[in-house]
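To start, the structure itself, in structure tokens.
What follows is calculated from the coordinates using simple rules that are stated; it is not laboratory data. Nothing here was measured: the structure is a model prediction, and the numbers come from that model. Because the Cβ atoms are built from the backbone with ideal geometry, glycine has one as well, and the counts that use them run over all protein chains shown.
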Amino acid sequence: MTRLYPRISADDLHARLLGNGELALLDVREEGVFGDAHILTASNAPLSRFERLVPALVPRAATNIVLVDDDETLAERAASLLARHGYGSVAILGGGLAAWQAAGHAVFSGVHVPSKAFGEFVELAYGTPHIDAPKLKRLIDAGEDLVILDSRPFDEYTWIGIPGALDCPSGELVSRARQTVRSDDTLVVVNCGGRTRSIIGAQILIDAGLPNPVVSLKDGTQGWHLAGFDVAHGQDLVAPPPGEAALIWARKAAEGLAARFEVPVIDAATLARFEEESDRRTLYRFDVRVDEEYLAGHRAGFLSAPGGQLVQATDTFIAVRQARVVLADTDGVRARATATWLIRMGFPNVFVLADDASADLVETGPSPETVLGLDDLAVAFMTAGELAGLLERGAAAVVDVATSRHYRAGHIPGSWFAIRGRLANAAAKLPKTPLHVLTSTDAVIARLAVPELEAAVGGPVRVLDGGTDAWIAAGLPLERDPERLASQPDDVLLKAFERRGEREAAMREYLSWEVGLVEQVTRDGTLRFRL
């Protein structure tokens, strides 16, 4: 392998992680491989989705970037891609993850480890009270005055949850909790899938001064299931937005939180200065409201990052830990509450945009997205109807480069799953056919994969216009079985509830892993929480 980009040693990288300069550490392996073992403070940016992830993860092209993989091969490809798109300060961890371990540095399993470890540290530091599933079930059966607030996003909540729970993502808790209780005596139980968001959610309500008794549900929905109780699928009970009195209380509570944790509040002029300086200092701008509100209107340049998820999966939003982070909402509550957590997580430059400046909602729709090199590709498209005709005649093979999670949920009949970053190896398993057609959920990754698949199969490749979403919109069928796997599906780390067989064992293993993070993170020393 030709070494075109500079290497950094494991010890030098470790020293830089302890420093105060801007640094983005990107692990370019697939999520499932990353989840087996990775450096604690790395953000996962798989080569298969690299062009789509990097512009948001590392918005400043002059940022110092270190790339990590197993043997430097993927990292070289990623470095070349970055160089083509103007990223000028890129290095590769020499010897990959094995060299990091050989130097005596720790690796971690799982995903979103800094956030999940933080939740465990919070419980220890504050003594966050909890209730276990059997006791909660007894209270429910006895008709006690309580409310269960599921602190996950709606899609997770409706997929599987505790019967009767209200969906209230953790970034919404301070805003909405008061509206959900009958009186100050109502027991508030905060729940999630496992542990982190239950703990964080319960503690922010306690910190905010909610007069009610507040507890987290120990081990969340997984603990409920392991205790032998039924879970619910398809629930759509949502905590209502705050009424006038509840909002007044929430604003006062948020102001108290901001004062206690010294959250800086900036005006529009300061934001403009930060934006002007963003070629010299990395700037992240996040709107922490729920998706529906963001889609209806948001400030220009602000990306959607609902507060609960920003705390739960911080590494998927912020790869540059010394960057400036500006949070915005429209009610004076959610940005302040979220900021207190980021500050306690150790982010040194977190700001909240003043309420009057946050209300300038000039854009609508989803977050603006930049995909490196997408517009430079010459791609031939076909419609869903045209593809259906080709498949009926056996004149094409479909290659699906979406995630294996999406593929398993439903794919175009006869299509093959392949990981984009491994198409050269996957090609040997694909059918020999005059035409290969690429698809992914919305066709973005499929478009990026065209030159790679053309080189791998030595023949013409087209893209399903609009991807599998367009196939579904055309009323065409999907199938779940059989699966045709041209690549090992290790591109995602399956949650315990997603696994086929041995789910209970996987749940117990996961919950034990979360609790054990405190000792591991303390020993590693590269994260500095402020609790």
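As I understand it, the dipole of the chain uses +1 on the Cβ of Lys and Arg and -1 on the Cβ of Asp and Glu, about the Cα centre. Which of HIS411, MET345, ALA253 lies farthest toward its positive end? So the residue furthest toward the plus end is MET345.
Across segment 157-312, counting alpha-carbon atoms alone, Rg and Dmax equal 17.6, 56 Å. Near VAL352, the amide H atoms lying under 5 Å from its own belong to VAL265, ILE266, LEU327; only residues 5 or more places off or on other chains count, and H is placed 1.01 Å from N. Charge tally for ARG447 (other residues, Cβ to Cβ under 12 Å; Lys, Arg +1; Asp, Glu -1): -3. For ASP155 and ALA296, the difference between the fully extended length at 0.36 nm per residue and the C-alpha to C-alpha distance is 48.9 nm. Going by neighbour counts of Cβ atoms within 10 Å, the residues VAL352, VAL450 line up, fewest first, as VAL450, VAL352. A simple rule links phi to the HN-Hα coupling: the Karplus curve 6.51 cos²θ - 1.76 cosθ + 1.60 with θ = phi - 60°, which for segment 149-166 gives 10, 7, 8, 9, x, 4, 5, 6, 4, 6, 5, 7, x, 8, x, x, 5, 9 Hz, with x for Gly and Pro. Charged side chains reduced to their Cβ positions (Lys and Arg at +1, Asp and Glu at -1) give segment 258-358 a dipole of some 420 debye around its Cα centre. Taking amide H positions as modeled 1.01 Å from N, with prolines and chain starts lacking one, the residues under 5 Å from ARG7 and 5 or more places away or on another chain are ILE92. Looking at the chain only, what percent of DSSP beta bridges run antiparallel? Nearest 5 please. Rounded to the nearest five, the antiparallel share is 10 percent. Evaluating 6.51 cos²θ - 1.76 cosθ + 1.60 at θ = phi - 60° for every residue in segment 318-328, the Karplus couplings come out as 10, 9, 9, 5, 8, 6, 7, 10, 10, 10, 9 Hz, glycine and proline recorded as x.
The angle separating the long axis of helix 503-524 from the principal Cα axis of greatest extent in the chain is about 80 degrees. In segment 374-473, if the dipole is taken from +1 on Lys/Arg beta carbons and -1 on Asp/Glu beta carbons about the Cα centre, which of GLY421, THR383, PRO431 is farthest to the positive end? Looking along the dipole axis, the top candidate is PRO431. For segment 402-418, the Karplus equation 6.51 cos²θ - 1.76 cosθ + 1.60, evaluated at θ = phi - 60°, returns couplings of 5, 5, 5, 5, 5, 4, 5, 6, x, 9, 4, x, x, 6, 10, 8, 8 Hz by residue, with Gly and Pro reported as x. Relative to the longest principal axis of the C-alpha atoms of the chain, give the angle of the C-alpha long axis of helix 196-208, reported between 0 and 90° and rounded to the nearest 10°. The angle comes out at about 40 degrees.
Spherically averaged projected area of the convex hull of Cα atoms, segment 7-111: 5.9 nm². A dipole drawn for segment 87-195 from +1 and -1 charges on Cβ atoms has a positive end, and of VAL189, THR158, PRO114 the residue lying farthest that way is PRO114.
Net charge in the neighbourhood of SER487 (other residues with Cβ under 10 Å of its Cβ; Lys, Arg +1, Asp, Glu -1) is 0. Taking other Cβ atoms within 10 Å as a rough exposure proxy, MET345, MET382 sort from fewest to most as MET382, MET345.
With the highest mean first, a sort of the peptides 48-58, 189-199 on other beta-carbon atoms found within 10 angstrom per residue produces 189-199, 48-58.
Each peptide among 366-379, 506-519 gets the average number of other Cβ atoms lying within 10 Å of its residues, and from highest to lowest they stand as 506-519, 366-379. Computed over segment 374-473, the quotient of the alpha carbon radius of gyration and 2.2 N^0.38 Å is 0.94. For TRP416, the residues whose amide H sits under 5 Å from its own are VAL398, VAL399, ASP400, ignoring neighbours fewer than 5 places away on the same chain, with H placed 1.01 Å from N.
Among DSSP beta bridges whose residues both lie in segment 289-448, state the antiparallel percentage, nearest 5. Of the beta bridges lying entirely in segment 289-448, close to 10 percent run antiparallel.
Name the shape class, rounded, prolate or oblate, that the alpha-carbon gyration tensor gives for segment 258-358, where a ≥ b ≥ c are the square roots of its eigenvalues, rounded holds for a/c under 1.5, and otherwise prolate holds if a/b is larger than b/c and oblate otherwise. Rounded is the answer for segment 258-358, as its axis ratio a/c remains below 1.5. Listed cross-link partners LYS116/LYS218; LYS429/LYS495; LYS137/LYS218 are compared with a 23 Å cut-off, the Cα-Cα value being larger for LYS429/LYS495.
The trypsin sites (Lys or Arg not before Pro) of segment 141-186 that DSSP puts in a loop, and whose beta carbon has at most 11 other beta carbons within 10 Å, are ARG182. Computed from the alpha carbon atoms alone, the convex hull of segment 417-531 holds 202 Å³ per residue.
Given +1 at the Cβ of Lys and Arg, -1 at the Cβ of Asp and Glu and no other charges, the dipole of the chain around its Cα centre is 780 debye to the nearest 20.
Rounded to the nearest 10 degrees, the inclination of helix 444-457 to the longest alpha-carbon principal axis of the chain is 30 degrees.
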